[in-house]
Amino acid sequence: MIINNMNTLTRNIIVGIGIILLITAVWYFSWIVSYILVSAVLSIVGHPLVDLLNRIHIKRFKFPRWLAALVTLIAIWFLFFGFIRTFIPLIFNQVAVISSIDVNEFVTKLQEPISKIETMYNNYAVAQDKSLQETIINKLSKYLNADSISGIFGGITGFFGNIFVAFFSISFMTFFFLKEQALFKSGLMIFVPDKYVDKVKHAMLSVKNLLTRYFIGILLEVSFIIILDTIGLTIVGIKFEQALVFGLIAGVLNVIPYIGPFAGTVIGLFLGLITHLHLDFTGQLLPLLMFMAIVYIIVQVLDNVIFQPIIYSSSVNAHPMEIFLVIMMAGSLAGVAGMILAVPAYTILRVFAKEFFANFKLVKKLTEKI
C-alpha cells in the first residue's frame, strides 16, 4: 500500500515537472508556437478546398493530396498578397491626405459647433487654462501630422514586415498540415496518456469541424462588411477609393466583438470629416456625415441580425448570451486580444469538457448542442 502511494506520488511529481517544463518551453519559444498556431488556423480554413480538389477526377487524373495542398496554399497566399497589394496603396494615399490637413482650418471649419460645446466646456471644466479651441488645436496638431501618421502606419507596415519574415516558416508548416490532416493531431497525441487518446481524438475532430465553420464564417463576415460599407459610402457621396479604405477599417475592426463596430464607425466618421473640409459644414458636410452614420448603422444591423447569429451561434453551437458573457469575461482578463480569441478558446473548452466531464450538470447544459 505504501509502495503504491509512493509510486503514485512519484508519477504525479514527474507529470507536474513535465507540465512546468512544457509551459516554460512554450513561453520561451512563443514565436515558434505562434507560427504553428497560425499554420493550424490556415490549414483549418484551407482543408475544405483540399478535400474538394482531392475528389476531382479528370479522366484518369486525380488530384494527389500533395498537389491539392500546394494549390490551396498558393490560393491562400494569393488572396493575402492580393489584399495587401490592393489596400496598402489606398491606405498610404489617405495618410498623405490626412497629414496635409491644416489643423487651424479644420478647427475654423467647425467654429460654430465648437462654440456651443465650448460654452458647456467652460461651465463644467475644472481647469480652464486653455480654451476648448486651443485644446483641440494642440491635440490635433500632435496627432494629425506627417510624422505621427507615418509612425502609426509605419508600425502597421513593420507588422506586415514581420509576417513576411515568417512567410517561409508558416508556408512550410501549413503545407504539411494541409497535406497530412492528422499531422497536427499526431503531434499533440505525443503528450496525451494512452487511456485518453480516443477521447482526445474525438474531441479534436469536433473542435476542427466547429472552428472550420467559425473561421470561414469570420472571413465571410469581414468580407460582407467591407463590401456593404464600401457600396453604401460610395452611394452617399464618398469617393470609391476612400470608401474602400473606410470599409476595410470597419470590416477589420468588426472582428473585435461589440467594441470593434463602434470603433470602426467613429474612425470612419472622423476620417470622413477631415477629408471633406472643403464642403460647407451645415449644408453639405453635416448631411454627408449623417448619411455615413446611417450606412454604418444599417450594415451593423444586418451584421447583428444575419451574420453574427450564424457565426457566433450556429457555427459553434452556443447561445448568444453564452457568447456575450464569455467575450466580456475574456475582455476583462486579456483586453482586445482576449475578446478576439474568446470564442475559439471557449469552443475548445466546451468540446473537451463534454468528453471528460460529461457527468456534470453544468457541462451537460453548456454542451447539449455540440
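Here, each number is a calculation from the coordinates, and none is a lab measurement. As the structure is a prediction and not an experimental result, all values here were calculated from the model. For neighbour counting, all protein chains shown are included, and Cβ atoms are generated from backbone atoms with ideal geometry for every residue, glycine included.
Using the average count of surrounding beta-carbon atoms within 10 Å as a protection proxy, the listed peptides 173-180, 60-67 rank, highest first, as 173-180, 60-67. Annotation: amide H of Ala318 has no partner in the under-5 Å range at sequence separation 5 or more or interchain, hydrogens built in the peptide plane.
The distance linking region 329-360 with region 27-48 is 18 Å (Cα centroid to Cα centroid, whole angstrom). Label-to-label distance, Asp198 versus Thr86, with points set 7 angstrom from Cα along the beta-carbon direction: 4.8 nm. The order of the peptides 239-252, 32-45 by mean Cβ neighbours within 10 Å, most packed first, is 239-252, 32-45.
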